[in-house]
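What follows is one structure encoded as structure tokens, with my remarks underneath.
The values are calculated or read from the model by the stated rules, or taken from the named source; none is laboratory data. Note that the coordinates shown come from a computational prediction; the quantities given were computed from them, not determined experimentally. Here the Cβ positions follow ideal geometry from the backbone for every residue, glycine too, while neighbour counts run over all protein chains shown. Areas reflect the complete protein model, heavy atoms only, side chains present, ligands, DNA and RNA absent. Shrake-Rupley method; radii C 1.70, N 1.55, O 1.52, S 1.80 Å.
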Amino acid sequence: MNEVAARAVPGWRGRVAWERLRPAGWSVFDQCCVSALNFVSSWLLARSLPTAQFGTFALAYTGLMLVTGLQNAVIAQPHNVLAASWKDSRYTTFTTRLWGAQLLISLAGAALLAIAAAIANLIAHAHRFDIVFLLALVMVPWMAQEFVRRVLYTRAAARDAAFNDLLCFGGQLAGVLILVNSPVPGALTAKAALVVIGVASLLASIVGLVRLAGRGELQWGWGGFAGVWGAWREAWGFGRWLLAQNIVTWFGVNGNIWVVGALLGTHAVGVYRAVIHP
């Protein structure tokens, strides 16, 4: 229906305004849901975990926030800007190849983290850093889900992004509730909480990737290393200017928690994180 015909329909102005505002409404709903679900999950963990365990979990979670900031700088935000106006095969090819780059980067980061944890355990002659191994595993689906939601926002599919976040963070809250109310002694630990995050992120990322493929925005395949390298270089040309800013922002928000951990230990981190939790 062209604009002249549309004006003859009663209430057309309101409908046009609603169509323009609807994505913004879903975006607000998305952010509110994520914030609320994260708040409740963290509150339950702070109340239920031993203080040192909660401190360990808080340090691991801020690590996830760090990789999210890095990912957004070199993968997600470049996609939001560069691909927003692209159509059809160009958009699909770029998204698919950038997904390949995203997967390779997350797997490489997980491998480096696991190697670092193994070396730290050998030096400490203990299994004090086993949670870092788990963090390396969780990092891959966590970053995949973040990739999915960001790509959905490139095409202003705010409703799909909101439902994907609801599945992810709602699943995390459900898992935390199960652990908190479990009759099994010691079921709730920092490691168990990380497992919940990993499982919920994996489920949401699979659902999101299937949804992107169904929308024709992603192909099952990645186009080989040459295509992946080309897409990543294109994204890097834009994202490198964001990288330093995202790192500085992360340290401004979360760096103090790591300083407390380095100086005073995980027990102090647990107390500090519980006190400053909004």
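Okay, here's what the table says:
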| read-out | value |
| --- | --- |
| Region 108-131 residues that are touching a residue at least 12 places away in the same chain (Cβ under 8 Å), paired with ones that are open to solvent by 30 Å² or more (accessible area, probe 1.4 Å) and basic (Lys, Arg) (beta carbon under 9 Å, 6 or more apart) | Ala120/Arg128; Asp130/Lys191; Ile131/Lys191 |
| Answer residue from region 141-159, given it is modelled with pLDDT under 90 and in contact with a Phe, Trp or Tyr (Cβ under 8 Å, 6 or more places away or on another chain) and is least open to solvent (accessible area, probe 1.4 Å) among those | Ala158 |
| Residue identified as at pLDDT below 90, open to solvent by 30 Å² or more (accessible area, probe 1.4 Å), of a type in the set (Gly, Ala, Ser) and more than 16 Å from the chain's Cα centre (by Cα) among Ala120, Ala124 | Ala124 |
| Where Leu66 falls short, out of the listed (1) at pLDDT below 90; (2) within 25 Å of Ala226 (Cα to Cα); (3) open to solvent by 10 Å² or more (accessible area, probe 1.4 Å) | (2) |
| Qualifying residue in region 87-103 (condition: touching a helix residue (DSSP H, G or I) at 6+ places or on another chain (Cβ under 7 Å), surrounded by fewer than 19 Cβ atoms within 10 Å (Cβ to Cβ), in a helix (DSSP H, G or I) and small (Gly, Ala, Ser)) | no |
| Given (1) at pLDDT 85 or above; (2) surrounded by 12 or more Cβ atoms within 10 Å (Cβ to Cβ), index of the condition Trp258 fails | (1) |
| Count - residues of region 261-278 that are of a type outside the set (Val, Ile, Thr), in a helix (DSSP H, G or I) and open to solvent by less than 60 Å² (accessible area, probe 1.4 Å) | 5 |
| Top-ranked residue in region 69-100 [being in contact with a Ser or Thr (Cβ under 7 Å, 6 or more places away or on another chain) and of a type outside the set (Gly, Ala, Ser); ranked as nearest to Ala156 (Cα to Cα)] | Asn80 |
| Residue list for region 168-178, filter: touching a residue at least 40 places away in the same chain (Cβ under 8 Å) and either open to solvent by less than 60 Å² (accessible area, probe 1.4 Å) or in contact with a Cys (Cβ under 7 Å, 6 or more places away or on another chain) (or both) | Phe169, Gly170, Gln172, Leu173, Val176 |
| Residue, modelled with the highest pLDDT, within region 196-238, restricted to residues that are in contact with a Leu (Cβ under 8 Å, 6 or more places away or on another chain) and outside any helix (DSSP H, G or I) | Leu218 |
| Tabulated pairs, region 180-193, first free of Cβ contacts under 8 Å to residues at least 24 places away in the same chain and surrounded by 16 or more Cβ atoms within 10 Å (Cβ to Cβ), second small (Gly, Ala, Ser) and not in a loop (DSSP other than H, G, I, E, B), C-beta under 9 angstrom, 6+ apart or interchain | Ala192/Gly175 |
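Listed here are the residues, each with its yes/no results for (1) under 21 Å from the mean Cα position of the chain (by Cα); (2) farther than 21 Å from Leu104 by Cβ; (3) without any contact (Cβ under 8 Å) to a residue 40 or more places away in the chain; (4) buried (at least 19 other Cβ atoms within 10 Å of the Cβ).
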{"position": "Met139", "(1), (2), (3), (4)": "yes, no, no, yes"}
{"position": "Ala161", "(1), (2), (3), (4)": "yes, yes, no, yes"}
{"position": "Leu166", "(1), (2), (3), (4)": "yes, yes, no, no"}
{"position": "Gly198", "(1), (2), (3), (4)": "yes, no, no, yes"}
{"position": "Ser205", "(1), (2), (3), (4)": "yes, no, no, yes"}
{"position": "Ala213", "(1), (2), (3), (4)": "yes, no, yes, no"}
{"position": "Leu218", "(1), (2), (3), (4)": "yes, no, no, yes"}
{"position": "Gly221", "(1), (2), (3), (4)": "no, no, no, no"}
{"position": "Thr249", "(1), (2), (3), (4)": "yes, yes, no, no"}
